[in-house]
């Protein structure tokens, strides 16, 4: 049975089974954030884990960043590192319950943590959370991984069918600046919400 529930993730944190954690923001996301000019945009990072991306953005002066994770431990770890981050921007909940509107949603190892049967719903949910012309950007694995527990892999051709109904693809290619352990195994995505 595939497990992606709250208890499963809390147990992964408690047992320090966090192999997805790179220990810092990864190069593709850092370089994308570095070229953003409007620091007032509202950003969501779902399945945020240790949320190095949110920490980086916040230190750059982006004050409208929100993070969500189903495991409280992830948010507690983040709060210890970034103690002045606004409490109301830390959301402990199931992503699929969340309701708000964002300019940008950042994908970093959340999609691969979901049961593959939820991928269509993920694309639909991201679409509903984005403002008109809002963007989904980030990384998706482009390799087969596990079939019974996260991380779940996949490939570009499969992903197209989930995202095409909801997004225009501005960029959807093998990432040229992945961190070494993920080199040639990630797709960098930048999608714009369809009306």
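The values are calculated or read from the model by the stated rules, or taken from the named source; none is laboratory data. Remember, it's a predicted structure, so these values are computed and weren't measured experimentally. No Cβ is skipped: glycine too gets one built from the backbone with ideal geometry, and neighbour counts run over all protein chains shown.
Before moving on, here are some points about what is shown:
- Taking region 111-166 as the range and being touching a strand residue (DSSP E or B) at 6+ places or on another chain (Cβ under 9 Å), at pLDDT below 95 and within 23 Å of residue 97 (Cα to Cα) as the test, the residues that pass are 112, 113, 114, 115, 116, 151, 152.
- Of all residues in region 174-195, those that are surrounded by 14 or more Cβ atoms within 10 Å (Cβ to Cβ), without any contact (Cβ under 8 Å) to a residue 60 or more places away in the chain and either more than 14 Å from residue 29 (Cα to Cα) or over 18 Å from the mean Cα position of the chain (by Cα) (or both) total 3.
- Residue identified as more than 26 Å from residue 181 (Cβ to Cβ) and surrounded by fewer than 21 Cβ atoms within 10 Å (Cβ to Cβ) among 87, 55: 87
- Checking residue 27 against (1) surrounded by fewer than 18 Cβ atoms within 10 Å (Cβ to Cβ); (2) out of contact with any strand residue (DSSP E or B) (no Cβ under 8 Å at 6 or more places or on another chain); (3) farther than 25 Å from residue 173 by Cα; (4) modelled with pLDDT of 95 or more, the condition it does not meet: (3)
- Candidate set from region 125-173 (those that are touching a residue at least 60 places away in the same chain (Cβ under 8 Å) and loosely packed, with under 12 Cβ neighbours inside 10 Å); member that is nearest to residue 115 (Cα to Cα): 148
- Region 96-109, residues that are under 25 Å from residue 179 (Cα atoms) and at pLDDT 95 or above: 104, 105, 106, 107
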